[in-house]
1. Grab the alpha carbons of segment 1-127, take their convex hull, and tell me the volume per residue in Å³.
2. Among Val191, Trp155, Ala117, which residue has its Cα positioned farthest towards the positive end of the charge dipole of the chain, with +1 placed on the Cβ of Lys and Arg, -1 on the Cβ of Asp and Glu, and the dipole taken about the Cα centre?
3. Determine, for each peptide in 149-158, 32-41, 131-140, 87-96, the mean count of other beta carbons within 10 angstrom over its residues, then list the peptides with the highest first.
4. Taking the alpha-carbon centroid of each part, what is the distance from segment 176-208 to segment 1-38 in angstrom?
5. Quick one: which of Lys31/Lys295; Lys50/Lys196; Lys3/Lys76; Lys3/Lys42; Lys2/Lys40; Lys145/Lys210 span more than 25 angstrom between C-alpha atoms?
6. Can you give the net charge of the other residues whose Cβ lies under 10 Å from the Cβ of Met162, counting K and R as +1 and D and E as -1?
7. When the dipole is taken about the Cα centre of the chain, and only Lys, Arg (+1) and Asp, Glu (-1) are charged at their Cβ, what size is it in debye, to the nearest 20?
8. Rolling a 1.4 angstrom probe over the protein heavy atoms, how many square angstrom per residue are accessible across segment 129-282?
Amino acid sequence: MKKDFLALSQFSKAELDAMFALCKDLKAKTKNREEHHLLKGKTLAMIFEKSSTRTRISFEVGMYQLGGHPLFISSKDSQMGRGEPIKDTARVMARYCDGVMIRTFAQETVEEFAKYASIPVINGLTDLHHPCQIMADVFTVIEHKGSYDGLKFAWIGDGNNMANSWIEAAAIFGFDLTLACPEGYDPNPQVLAWAKANGSAKIVITRDPKEAAKDADVLNTDVWASMGQEEEQKVREKAFAGYQLDEQLLALAKKDALVLHCLPAHRGEEISDGVIEGPNSVVWDEAENRLHVQKAIMATLMK
Ligand code: CP
Ligand code: NVA
């Protein structure tokens with residue numbers, strides 16, 4: 001049976017921990033320039049309906065480093081942009097390729113693609129989830145703190161795709177997560193209900209960023225207007241006033257707290273320049289780890 005990577009909730013803690021172990025090994029091999037062609041001769045199609053810097057480059061470089069070949073496909077330049085059904089595209093691509101990564105709007109689109117494709121499908125971001133990013137984020141925490149066990153995680157800002165995937169991660173790995181979101185911008189209620197029913201992690205939603213930041217080991221934020229919400233920018237700037245991850249908020253966290261941001265960042269909006277450039281920020285390690293963790297995901301699913 002092929003396995004997809006559409007949301008973290010499809011996986012057990014043991015399965016995800018095994019991917020972290022492989023990630024650590026592949027990262028060391030990459031640094032030592034040791035060949036690790038786990039996907040020699042295999043092909044990954046990468047479909048993008050939204051912009052990307054990190055996801056495109058890390059998947060493309062990662063596939064090359066695994067001895068395989070990546071193909072970049074912009075949906076608007078393919079027949080998908082002219083209305084060819086997802087289910088047809090999925091069946092055709094499965095005849096050429098060994099795996100597909102998709103970045104799109106609706107989670108249902110990646111689910112439909114996976115249903116019709118006989119090859120593994122990886123979610124490269126939807127409006128609902130960003131599971132590859134959260135894997136890179138948790139791996140970065142493991143690298144810097146030794147483990148995620150017993151740590152207090154804080155999310156400051158929009159209850160968006162990133163927040164939803166963090167909630168799933170908290171339930172699976174069993175760490176405490178407090179999300180400070182303005183009213184009207186809470187995370188997805190079904191994701192929250194799943195997390196409460198599938199784990200004992202303490203997951204709290206508050207309107208108060210200070211409550212989330214207090215004694216946190218890891219602070220995390222993201223843009224106020226995600227891709228596809230550009231026209232809401234002005235409304236959101238008002239709604240999110242007071243939700244900037246700045247020096248005052250960081251001062252409430254543990255002294256050695258880590259600051260994460262999936263990037264791209266908007267300095268002066270969700271994060272201050274001082275915090276993203278400051279000593280607690282590990283955002284460049286986090287961005288690098290997209291490469292290593294996605295290689296582990298691809299190798300696990302496609303080998
Ligand atoms: N963090 C992330 O997914 O970045 P891109 O949008 O540049 O791929
Ligand atoms: N929440 C952001 C993440 C970008 C990587 C978005 O969906 O645009």
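1. Measuring per residue, one finds 110 Å³ for the Cα hull of segment 1-127.
2. Toward the positive end, the furthest listed residue is Ala117.
3. Working: 149-158: 22.6, 32-41: 12.6, 131-140: 26.4, 87-96: 16.1.
Result, highest mean first: 131-140, 149-158, 87-96, 32-41.
4. 27
5. Pairs exceeding the cut-off: Lys50/Lys196; Lys3/Lys76.
6. Numbers: positive: none; negative: Asp137, Asp158, Asp222.
With Lys, Arg at +1 and Asp, Glu at -1, the neighbours total -3.
7. In total the dipole reaches around 1060 debye.
8. Value returned for segment 129-282: 39 Å² of accessible area per residue.
The values are calculated or read from the model by the stated rules, or taken from the named source; none is laboratory data. Only a predicted model underlies this, so the values are computations on that prediction, with no experimental measurement involved. Ideal geometry is used to build each Cβ from the backbone, glycine not excepted, and the neighbour counts take in all protein chains shown. For accessibility, only protein heavy atoms count, side chains too; no ligands or nucleic acids. Shrake-Rupley method; radii C 1.70, N 1.55, O 1.52, S 1.80 Å.
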